[in-house]
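Asker: Before we start, here is the structure in question, set down as structure tokens.
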Amino acid sequence: MKNERELSNLLASNLVYYRKSAGLTQLEVAEKFNYSDKAISKWERGESAPDVFVLNALADFYGISLSDFFSVKKKIYRSASWKKHTIITLLSFSIVWLVAAIIFVFGELLQWDPQNNMWMVWIFATVPASIVLTVFAAIWGNRTSLIVSVSLITWSVATSLFVPFYVYNLFTNAYLIFIIAAPFQVMVVLWYFLKIPEFLKKTFKIKIKNPPPGQKEGGSKK
């Protein structure tokens, strides 16, 4: 039977294992669960351990059971949950393009656009496709995947506005749309490199921890 120290080391090792399998940094895990990156580091070094409520939340997040944190795992590059999340994301992403293809085909057959500009459907489809990627990046992804998907939304929206304005001559200076999009892209990049959420927590000394399930913020049970 494993002693307490062995269990502590095994837990620490598996916390590292599942975090890296999910492609996350300590800071990204800390931000998702409202802890400091120092706390995550201590957990992964075995100097301290999260309580059972946090462990349950981490297990749900990684798509594993609580007991998996205390069992020896074979080293693999990607966890089963990562593969499942990837399949769901790609399936949802593909559905957007399937709908776009259906609209394009019927539009061509029924000649919905007399000027034969149904090809713009593919441009417009980049917006919902980018939104799908952003939603799943926010749920399962890391900071890098989120900034990429948000950037895709920014430029897909700008392009979707520019193309019809330009093709149908609705707006002479249609290129100004991209000038509006540029500052927003700069803000997204700054958010990524400055790590604004962590900066705000450190600056204003905000320490917010989620209450255990079934318990209110004040500490009393429902």
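The values are calculated or read from the model by the stated rules, or taken from the named source; none is laboratory data. Note that the structure is predicted; figures quoted are calculated from it, not measured. All Cβ positions, even for glycine, are placed from backbone atoms using ideal geometry, and neighbour counts span all protein chains on display.
Asker: Within the stretch 34-68, which residues are surrounded by fewer than 16 Cβ atoms within 10 Å (Cβ to Cβ) and outside any helix (DSSP H, G or I)?
Answerer: Once the filter is applied, which keeps residues that are surrounded by fewer than 16 Cβ atoms within 10 Å (Cβ to Cβ) and outside any helix (DSSP H, G or I), the stretch 34-68 yields Asn34, Glu47, Ser48, Asp51, Ser65.
Asker: Of all residues in the stretch 9-22, how many are closer than 10 Å to Gly46 by Cβ and in contact with a Ser or Thr (Cβ under 9 Å, 6 or more places away or on another chain)?
Answerer: 1
Asker: Since Ser71 meets every condition but one in (1) among the small types (Gly, Ala, Ser); (2) surrounded by fewer than 17 Cβ atoms within 10 Å (Cβ to Cβ); (3) over 19 Å from the mean Cα position of the chain (by Cα); (4) modelled with pLDDT of 85 or more, which condition does it not meet?
Answerer: For Ser71, the exception is condition (4).
Asker: Working only within the stretch 1-33, note down all residues that are surrounded by fewer than 18 Cβ atoms within 10 Å (Cβ to Cβ), in a loop (DSSP other than H, G, I, E, B) and small (Gly, Ala, Ser).
Answerer: Scanning the stretch 1-33 gives a single hit, Gly23.
Asker: Now for a separate question. Any chance the stretch 33-43 includes a residue that's at pLDDT 90 or above and among the basic types (Lys, Arg)?
Answerer: Taking every residue of the stretch 33-43 in turn, at least one turns out to be at pLDDT 90 or above and among the basic types (Lys, Arg).
Asker: Consider only pairs whose beta carbons are under 7 Å apart and that are at least six residues apart or on different chains; among these, list those whose first residue lies in the stretch 48-73 and is over 17 Å from Lys20 (Cβ atoms) and whose second residue is basic (Lys, Arg) and assigned to a helix (DSSP H, G or I).
Answerer: If the second residue must be basic (Lys, Arg) and assigned to a helix (DSSP H, G or I), the pairs left are Ser48/Lys42.
Asker: Here is a further query. Of all residues in the stretch 153-168 being more than 31 Å from the chain's Cα centre (by Cα) and farther than 14 Å from Val121 by Cα, which is modelled with the lowest pLDDT? Give the derivation first.
Answerer: As a first pass, look at the stretch 153-168 and keep what is more than 31 Å from the chain's Cα centre (by Cα): 165-168.
Keeping just the survivors that are farther than 14 Å from Val121 by Cα gives 165-166, 168.
Working: Phe165: 90, Tyr166: 89, Tyr168: 85.
Checked the stretch 153-168; the qualifying residue modelled with the lowest pLDDT is Tyr168.
Asker: I'd like the full set of residues that are at negative phi and not in a helix (DSSP H, G or I), limited to the stretch 105-143.
Answerer: If the condition is that a residue be at negative phi and not in a helix (DSSP H, G or I), then Trp112, Asp113, Pro114, Gln115, Asn117, Met118, Trp119, Gly141, Asn142 are the ones that fit.
Asker: Can you name the condition, by its number, that Phe93 falls short on among (1) in a helix (DSSP H, G or I); (2) of a type in the set (Phe, Trp, Tyr); (3) within 22 Å of Val167 (Cα to Cα)?
Answerer: (3)
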